[in-house]
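The values are calculated or read from the model by the stated rules, or taken from the named source; none is laboratory data. Values in this document were obtained by computation on a predicted structure and should not be read as measured data. Don't worry about glycine lacking a Cβ; one is built from the backbone with ideal geometry, like all the others, and counts go over all protein chains shown. Just so you know, the surface numbers come from the protein's heavy atoms only, side chains and all, with ligands and any DNA or RNA stripped out. Shrake-Rupley method; radii C 1.70, N 1.55, O 1.52, S 1.80 Å.
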Amino acid sequence: MADQLWTSREIKEFSMRRALIGAAEGTLAKTYEGGMLREFSQVTGKPVTENGFVLPFEVMRRDLTAASASGAALIGTEAPFALDVLRPYTATLRSGAQMMRFKGDVSVPKVAAPSTVTWLPDEFSAITESQATLGEMALSPKDAAILTQVSAKLTRQTDIDAFLRRELLRSMGTGLDQAIFSGSGTSGQPQGIIGTTGVLGVSGTSLDWDGVTDMLYTVAEADGQEGVAWFAPPAVRRLLSRRERITGGGFSIWHDNVLAGYPAIASRVAPADTLIVGAFGEVVIAMFMDGIEIMVNPYSDFTRGIISYRAWLSVDIAVTAPGAFCVAESIT
């Protein structure tokens, strides 16, 4: 949203718990939250139904602590609320991945090769004409969904707003990171870094310091600069933390969460036995929604008083400069 719809006080008073109860009981329209959601639907065009609504990113900023950014972040200014609420829960956003907002299928232009600079020896010299080589990134909504259950008794007896927000955003953030690293590009998944045409690779067999510096060299050759970082699962960090750069030199390859001078992040969502390095400012997360769509099923486990709700987010992922990434797989 270009402008903030509600005051800080109104946002603070919004209760996700009451919204879920209202959607479960069919009384959402009569609640304070229902009024705010109807106002939001007029702006976004997403209707509020008896058992469903779009939960605005704006109200999800409440009770959340933003994590500090690692690396330079290029922020898509059209999606500040989505960026604010998701960044603490996704390591790739903290490392500089961009977020942009779109309404439907788009082809975004990108520069495949830049124009050439001409240095002029004097005021009479002519500029040599050059043309940038342009390419396109095709982006279309890919749907990420979560199905979970909460106890109706719990929602009535406990203020669980902050808990629900954190769990919802943690799950969505984990899904985004996984898709950015290794999305298959099939079966509804975005195409991740691994598998993107133009992303380079080196052998992971007995990966040593020479192999690591070769990986970083490929990123530098592609002029990758924004948000350079390394990602690997904890097992790879352990392996490289025990392996010396030079035998007898006393310095490990992975040292104090730094690898060859750049931040090194161990994450369980990184693909197994894999090391990825790249300029994460070249990753674009296309956001096709102004919030997370919530649908409530109050009858999924009627006898136990269990409410099921489905969370839905439409996104896509693109790597604008594949050559700015390098991957080592099957590391031993």
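Given the DSSP H assignment, sum -39500 (n - 2.57) over each helix run of at least 4 residues in the chain and divide by its residue total; what's the result at 222 nm in deg cm²/dmol, nearest 500?
My calculation for the chain gives -8000 deg cm²/dmol from helical runs alone.
List the chymotrypsin sites (Phe, Trp or Tyr not before Pro) within the stretch 225-268 that fall in a DSSP loop (any state other than H, G, I, E or B) and whose Cβ has at most 14 other Cβ atoms within 10 Å.
On the way: sites: TRP230, PHE231, PHE251, TRP254; in loops: PHE251.
Loop-located and lightly packed - PHE251.
Before I look further, what does the chain give for accessible area per residue, probe 1.4 Å, in whole square angstrom?
Per residue, the chain has 50 Å² of solvent-accessible surface.
Considering only DSSP beta bridges where both residues belong to the chain, give the percentage that are antiparallel (nearest 5).
80 percent
If you take the Cα Rg of the stretch 197-332 and divide it by 2.2 N^0.38 Å, with N the number of residues, what do you get?
1.40
What does the charge dipole of the stretch 165-281 about its Cα centre add up to, to the nearest 20 debye, if the Cβ of each Lys and Arg holds +1 and the Cβ of each Asp and Glu holds -1?
Roughly 600 debye for the stretch 165-281.
For the chain, what number of Lys pairs, 8 or more residues apart or on separate chains, have alpha-carbon atoms under 19 Å from each other?
On the way: LYS12/LYS30; LYS30/LYS46; LYS46/LYS103; LYS46/LYS142; LYS103/LYS142.
Qualifying lysine pairs in the chain: 5.
Multiply the residue separation of HIS255 and THR205 by 0.36 nm, subtract the distance between their alpha-carbon atoms, and state the gained length in nm to one decimal.
16.0 nm
Leaving ligands and nucleic acids out of the surface, order GLU13, GLU33 by accessible area at 1.4 Å, largest first. Intermediate results must be reported in sequence, preceding the final value.
Details: GLU13 80, GLU33 0 Å².
The most accessible residue leads, giving GLU13, GLU33.
Hey, what does the equivalent ellipsoid look like for the chain, semi-axes from the Cα gyration tensor as sqrt of 5 times each eigenvalue, largest first, whole Å? Intermediate values should be presented prior to the final figure.
Working: eigenvalues 344, 141, 55 Å².
Ellipsoid half-lengths, sorted descending, are 41, 27, 17 Å.
Could you rank GLU50, GLU293 by how accessible they are, 1.4 Å probe, largest area first?
Details: GLU50 125, GLU293 45 Å².
Solvent-accessible surface, decreasing: GLU50, GLU293.
Leaving ligands, DNA and RNA out of it, report the carbon-plus-sulfur percent of the accessible area of the chain at a 1.4 Å probe.
Using a 1.4 Å probe with all protein chains present, the chain comes out at 51 percent carbon and sulfur.
At each listed q (0.10 Å⁻¹), what is the log10 of I(q)/I(0) that the Debye formula gives for the stretch 163-250 modelled as equal alpha-carbon point scatterers?
For the stretch 163-250, the Cα-only Debye profile gives -0.39.
Contact order normalised by length for the stretch 266-332, with contacts defined as Cα pairs under 8 Å and 6 or more residues apart; what percent is it?
47 percent
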